[in-house]
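Step one of this worksheet: look at the structure below.
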Amino acid sequence: MSAPVIVLVGPMGVGKSTVGQLLAERLGTGYRDTDEDIVAAQGRTIAEIFVDEGEAAFRALEKDAVRTALARHDGVLALGGGAVLDADTRALLAGQRVVYLSMDVEEAVRRTGLNVARPLLAVNPRKQWRELMEARRHLYEEVATAVVATDGRTPQEVAEAALDAVEWKEA
């Protein structure tokens, strides 16, 4: 049974995909994103799944995607922003090298561009993002072995900080 070398968690728009790809490149390993796995398996966007079936159906798909990826992927793994809402998923993350990429609301608004393709931010993005973070921040912190702030940093700087935070030693 394999396990990811690093698992990235954090809110939507924080840069998990970009940083994850940089980390994978740097470590000479593969990159996987559970949101991409869901889109590929379902043949439709996450926004479409939310609209067609609702958040609960999406969360069930997400839980399965995370469980599969944790069991089968030995590279860098990025989880969707809400994956930590599930208690079983949090339990599976115990013992993993998990980096929580954090950012403040103004940075989130700038990065997500108040994007309507993000179903949970469709109405009042700034207020909804704050509420999401109030509900999720403690969960990100609970599963994290390290926290890396992304505000005002380039993806390369965040990747470096993530490696430092988990005390990655190159062979």
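Below is a table of values for the structure above.
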read-out: Accessible-area ranking of Arg32, Arg126, largest first, probe 1.4 Å; value: Arg126, Arg32
read-out: Distance between the stretch 1-48 and the stretch 75-103 - C-alpha centres, whole angstrom; value: 11
read-out: Net charge over other residues, Cβ less than 9 angstrom from the Cβ of Pro4 (K, R count +1; D, E count -1); value: +1
read-out: The stretch 130-171, dipole about Cα centre (Lys/Arg Cβ +1, Asp/Glu Cβ -1), debye to the nearest 20; value: 120
read-out: If the convex hull is drawn through the Cα atoms of the stretch 1-91, its volume per residue in Å³; value: 89
read-out: Separation of the Arg126 and Arg72 label points, Cα + 7 Å toward Cβ, nm; value: 4.3
read-out: Portion, in percent, of the accessible area of the stretch 1-92 that falls on carbon or sulfur, probe 1.4 Å; value: 50
read-out: Residue-level accessible surface for Asp88, protein heavy atoms, 1.4 Å, Å²; value: 90
read-out: Mean Cβ neighbour count within 10 Å, used as a protection proxy, ranking 76-82, 61-67 highest first; value: 76-82, 61-67
read-out: Rounded accessible area per residue of the stretch 9-78, 1.4 Å, Å²; value: 44
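The values are calculated or read from the model by the stated rules, or taken from the named source; none is laboratory data. Since the model is a prediction, treat every value here as computed from it, not as a measurement. Note that each Cβ is placed from the backbone with ideal geometry, even for glycine, and that neighbours are counted across all protein chains shown. Side chains included, ligands, DNA and RNA excluded: accessible areas come from the protein's heavy atoms. Shrake-Rupley method; radii C 1.70, N 1.55, O 1.52, S 1.80 Å.
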